[in-house]
Structure formats: structure tokens, C-alpha cells
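Notes for the one structure printed next.
The values are calculated or read from the model by the stated rules, or taken from the named source; none is laboratory data. On a predicted model such as this, the values are computed, not experimentally measured, just so you know. Cβ placement follows ideal geometry from the backbone for every residue including glycine, while neighbour counts extend to all protein chains displayed.
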Amino acid sequence: MANQRLQSDVVVVGAGPAGIAAACMAAENGRKVSVVDNSPWLGGQIWRGATAHSAHGLAGHWIDRLKKSGVSVMSNATAFAAPSSHVLLAETPDGVLELSWKKLILATGARERFLPFPGWTLPGVMGPGGLYAMVKSGWPIARKRVVVAGSGPLLLAAADGLKQAGASVGLLAEQADWGQVLRFGMGLWRYPGKLLQGAGMKARLLGVPYRCGRWPVKVEGTARVERVTLTDGSRSWTEDCDYLACGFHLVPNVELPCLLGCAIANGFVRVSEFHLTSVPEVFCAGEPTGIGGADSALVEGQVAGLAAAEAWDRARSFFSRRAAWQRFQASLHQAFALRPELRQLAAPDTFVCRCEDVRLADLKRCDSLRSARLHTRCGMGSCQGRTCGPAVQFLFGWEEDSVRPPLFPVRLASLTDVSSPLDKHRLETDKSSRT
Amino acid sequence: MRDHLTISVNGKAVSVPPGTILAAAVAQAGVSPFRTSVCGEPRGPLCGMGVCFECCVTINGKAYSRSCLTLCEEGMEVRTNG
């Protein structure tokens, strides 16, 4: 395994819309920029499958711009530790990258929120965004019967994409009430493009019933999904399907910001108007600062990239657009708030932690994430609590209180090859907080 | 660039276009589950974006590799852990 050292003025983590926009802005303002991303492609999850030549105009434009900007892009590189204050380690298929930076921009994106209910661990239950992303990369979906359920505008985008790929989408069940969703839809005229986007999807989805105030309660099947039972709170019914695409809106990926010591407020990374976090020279943009989608992330990424390059006036020129997207983030948050009934879906024997197969009944004997870790191994498997963490946060109100390196499972060689202990930075922080 | 490449999933040959993600090729081969959980339950991909580790398979002898973050390469030998 080889260690590769790379010095940059600006390192960007994440090559989705926020990361690409940030990297372009910093590079176009004369900075030496490197981008690391854990996937083999550019564009993050939202622009997955888009290339500079594809029909997706905005994604194509930005990916093309990144390629022309002289930014070094490191794909297949997973950031897993920050051993000292201006160094980040990333694992690649060939070894470890030691990235030193003067300014760091975290554009780590979001993931889908999953909630446990009986049968949710059966193969064929997937996140709507996840299933759609895989379909874009060749997952066979033609003529398969799909029920889309959960919450958030991603359900519509996923149902639209799956239908276009030849799936038979029988139902789109949104847990939020119709009134909430309607108010959100009525407010969309304020945001450029969103209304058209919505109208286009609605037209293409004609024939797929979009039902609000409905949610899944049970999945059944012998070796994989065969049917799902849904409810509207008073009546339940069963739909036969090959896939249940179910996710409850999005949660931000804040593990790396937490590891670096960035302050978190209400689950999101706290940033200044220039997207500076509480840690000097560390910026954050896109979903980790508030769930708003690609357009919102693009604006935030540009502000962060310009600020990292100290182009303050140009960064300021985006402030009014950014304020509009922050209002959009707030209305999304309100419209797709989770209903309390979803806390009652899991049965005592339902697995909550999928990595360690920890059941709801085991967790009910614990009073915090820490005691759940100690007594049940909940959140201690390979996903390191990324899947069950948001679920137990919703079910029990348990907050994450400890993020430690390595942030992802890495090869032993990746740990032995690095020159300093992974936890050095943390040890110093702990020491200083104790004195 | 060739228009198809061939990989082997549990000894079965699968032909896919370049750019196909490994998890998709495993699904195209009709193989399920991807892995068996600690209690012996069948599991398959959940998140599709490298978060949940439910799609882990053995790729060219390297255990515990996320098939949703791996592009298919000619001659790849894949074993599921089901």
C-alpha cells in the first residue's frame, strides 16, 4: 500500500453540486484545489449518471466546468480521519492519501432516513433515492412492480425516474398530510424552476396515485419483498410488489464535520454567512448545513468556494439568492415533518440496527446511544450507526455524542501506514477541554 | 471502448455495459441475497450510496467490498456472502 501526499490550498470533500461549485470557484480564483469523493463518478448522488454530454443541462455544465478548472479530482477516495489540524486522510483502492490543506470545504451531502418497521430488512426494501441511483447505473427495474413510500420531494423524483426506466409504480405514499404538502407546493412559485420541475414530474407521473397521509406498516415475503401493508391511520390495505422504495426524507452527513470539531445546531453544521464553520479555515456547504436540494447546494457551494479563495465581494453577491434557498429549506423541513405515528411501527422483534441485528426490545432497556452501544452493540457495526442513528434519534431522542476515527471501515494497512495516531487531534482537543 | 464486459458472480458469467455498478450486475445475475446478517437473515442493498454496507460482497478475493460503489471491470470475480 502506497502513501501519497498532496498539498493543496483548498481541499473539498464531496463531488456533488456543493463540492463541485465550491471547487470551481476556488480554482477559478487562483487556488490549487483538490476534491475527494468516495464514489467512482462525479456529481454526487443527485447528479449520478449525468456526464458533460448528457441531457441534464445543469449537471453537465458544472461537471464540464470542473474538468476545465484544473482541479485535481480524486474519486474512490473515502475521507476517514483528520490526524492533525490541517491534514485529512482518505483511503483509495491503492493506498492512503494524505491531504494537507490551508482551507477545507466540507460538502458531504445527505443520506436517506430509514425508519424500522416489520419486514424492512428484507431484500427489495430500498431507499427511493438509492434505488433510483442504482437504476441509473444498471439495476434491472423494467416491468418490476414498485411501491414508493416515506416522505419528501425525493419520492416524486424517484417515482418519476423509476417509471421512466420501465418500472410499474403502483402507488406513491407520502406520510405528510395533504394540507402540509399542498401549502409547500403553493409556495414553490418563489423558487426558479421548482414549479416547472414539479409540473413536469406530475405530468409524467399521471396514472400513479400520489396519496398523502399514508405510510407503510409491514412488509412480508419469504426471501425478499412480496407485499407491503400500508395505512392511512384508520384503514389498512396490502399491495403486491417486487420493490418497496421507502425513505423518510434526508439526514445530513455530519460525521466528518463532527470529527473536525465543527459546532452542530439542530442536527446541522452551524455556519457563518460565508459558510465558515466554528473551526477556523473549515467551511461547509450544501445539505450538511440544511436540506435544500441541488439548486440550494450550488449557491452555497459557490459562496464557500469564493470565501475560501478570499473573494469576499463575489461571495457576497450570492447572499440574496442564498437567503431565498434558506427559506426553501425551512419550508421543506416544515412540510415533510415526520408524524408521531411512525414511532409506533416497529414491533419488539423488529431489527433497528441492521449491522448488528439489534431488536427494538433490546433497545427499550437502554436510556442513551452510549448505553445502547455498550449493552447491545447498536450502531457499532460497519455502517457505524449511519442507518440506525437517525432512527433511534427519532424513536428515542438519543443524540450522537461521539464520532471517532476511522469514520468508515478501512483496511488495517491504511491504519498502520499513516505517520501519526488517528486520534491525536481528538486527544489534544479532549485534553484542552478538560483543563 | 468495448460495448460489453463480462464478470463472474458466484461462478455465473454476467455480461453488462461499461459503467454498470457491481451491485446492479449482481441483481442482473438474479443472485439474492447479497449477504447474510449476524442472525442469519437475507439482506440486500438498502441505501445504494455507500452508507449502509448491506451490499458488501467479496471482489477478486477482497472481502467486505461495497458493490454499490464499485464499477464492473472485465474479468471481475464476485462472491456474495449469502
Inset, instruction - Among what's in region A:145-166 and is buried (at least 23 other Cβ atoms within 10 Å of the Cβ), within 14 Å of chain B (Cβ to nearest Cβ) and not in a strand (DSSP E or B), pick the residue that is nearest to the chain's Cα centre (by Cα). - result: A:154
Inset, instruction - Filter region B:72-82 down to residues that are within 19 Å of residue B:16 (Cα to Cα) and modelled with pLDDT under 95, then give me how many there are. - result: 0
Inset, instruction - Would you check which residues across region A:276-303 are assigned to a helix (DSSP H, G or I) and farther than 19 Å from residue A:42 by Cα and list them? - result: A:289, A:303
Inset, instruction - Return the only residue of A:202, A:194 being modelled with pLDDT under 95, surrounded by 16 or more Cβ atoms within 10 Å (Cβ to Cβ), under 27 Å from residue A:329 (Cα atoms) and not assigned by TED's automatic domain parsing to the domain that holds residue A:15. - result: A:194
Legend entry - Test: residue A:125 is buried (at least 24 other Cβ atoms within 10 Å of the Cβ), touching a strand residue (DSSP E or B) at 6+ places or on another chain (Cβ under 8 Å) and either away from chain B (no Cβ under 14 Å) or not basic (Lys, Arg) (or both): yes
Inset, instruction - State which residue is nearest to the chain's Cα centre (by Cα) when the search covers only region B:25-39 and only residues that are closer than 8 Å to residue A:139 by Cα and without any contact (Cβ under 8 Å) to a residue 24 or more places away in the chain. - result: B:27
Legend entry - Failed item in (1) within 11 Å of chain A (Cβ to nearest Cβ); (2) β-branched (Val, Ile, Thr); (3) farther than 21 Å from residue A:128 by Cα, with residue B:58 passing the rest: (1)
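Taking the condition closer than 30 Å to residue A:310 by Cα and not in a helix (DSSP H, G or I), does residue A:142 pass? It would help to see each step written out before you state the result.
Numbers: closer than 30 Å to residue A:310 by Cα: no; not in a helix (DSSP H, G or I): yes.
So residue A:142 does not fit the description; no.
So which residues in region B:10-19 are facing chain A (nearest Cβ under 9 Å) and modelled with pLDDT of 95 or more, if there are any at all?
The initial filter retains those residues of region B:10-19 that are facing chain A (nearest Cβ under 9 Å), namely B:16-17, B:19.
Listed by number, the residues that qualify are B:16, B:17.
Residue-wise test of (1) more than 14 Å from every other protein chain (Cβ to nearest Cβ); (2) of a type in the set (Ser, Thr, Tyr); (3) farther than 30 Å from residue B:36 by Cα.
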residue	(1), (2), (3)
A:211	yes, no, yes
A:218	yes, no, no
A:225	no, no, no
A:229	yes, yes, no
A:232	yes, no, yes
A:252	no, no, no
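Go through region A:378-398 and give me each residue that's surrounded by 20 or more Cβ atoms within 10 Å (Cβ to Cβ) and outside any helix (DSSP H, G or I). Before you say what the answer is, go through the steps one by one.
The first filter runs over region A:378-398 and keeps only residues surrounded by 20 or more Cβ atoms within 10 Å (Cβ to Cβ), leaving A:378-379, A:381, A:383-392, A:395, A:398.
Correct list: A:378, A:379, A:381, A:383, A:384, A:385, A:386, A:387, A:398.
Which of the residues belonging to region B:26-55 are at the interface with another protein chain (Cβ under 7 Å from one of its Cβ atoms), on the phi > 0 side of the Ramachandran plot and surrounded by fewer than 24 Cβ atoms within 10 Å (Cβ to Cβ)? Explain how you work it out, then say what you get.
To start, the set of residues in region B:26-55 that are at the interface with another protein chain (Cβ under 7 Å from one of its Cβ atoms) comprises B:27-28, B:32-33, B:37-39, B:41-54.
Of the ones still in play, those that are also on the phi > 0 side of the Ramachandran plot are B:48, B:50, B:53.
Of everything in region B:26-55, just one residue is at the interface with another protein chain (Cβ under 7 Å from one of its Cβ atoms), on the phi > 0 side of the Ramachandran plot and surrounded by fewer than 24 Cβ atoms within 10 Å (Cβ to Cβ), namely B:50.
Filter region A:334-355 for residues that are within 14 Å of another protein chain (Cβ to nearest Cβ), outside any loop (DSSP other than H, G, I, E, B) and more than 21 Å from the chain's Cα centre (by Cα) and give the result. Give the steps one after another, and end with the answer.
Start the filter on region A:334-355 by keeping residues that are within 14 Å of another protein chain (Cβ to nearest Cβ), which leaves A:349-355.
Those left that are additionally outside any loop (DSSP other than H, G, I, E, B): A:351-353.
The answer is A:351, and nothing else.
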Legend entry - Filtered residues of region A:399-420 (kept if surrounded by fewer than 17 Cβ atoms within 10 Å (Cβ to Cβ), within 14 Å of chain B (Cβ to nearest Cβ) and in a helix (DSSP H, G or I)): A:412, A:413
Inset, instruction - Filter region A:356-377 down to the residues that are within 14 Å of chain B (Cβ to nearest Cβ) and part of a loop (DSSP other than H, G, I, E, B), then identify the one that is nearest to residue A:118 (Cα to Cα). - result: A:357
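Within the group A:346, A:307, A:335, which residue is farther than 21 Å from residue A:248 by Cα and either touching a helix residue (DSSP H, G or I) at 6+ places or on another chain (Cβ under 7 Å) or modelled with pLDDT of 95 or more (or both)? Walk me through how you get there before you give the answer.
Working: A:346 fails: farther than 21 Å from residue A:248 by Cα; A:335 fails: farther than 21 Å from residue A:248 by Cα.
The unique qualifying residue is A:307.
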Inset, instruction - Please indicate, with yes or no, whether at least one residue in region A:290-311 is closer than 24 Å to residue A:9 by Cα, surrounded by fewer than 22 Cβ atoms within 10 Å (Cβ to Cβ) and not aliphatic (A, V, I, L, M). - result: yes
Inset, instruction - Residue by residue through region A:94-112, note down the ones that are buried (at least 22 other Cβ atoms within 10 Å of the Cβ) and within 13 Å of chain B (Cβ to nearest Cβ). - result: A:108, A:109, A:110, A:111, A:112
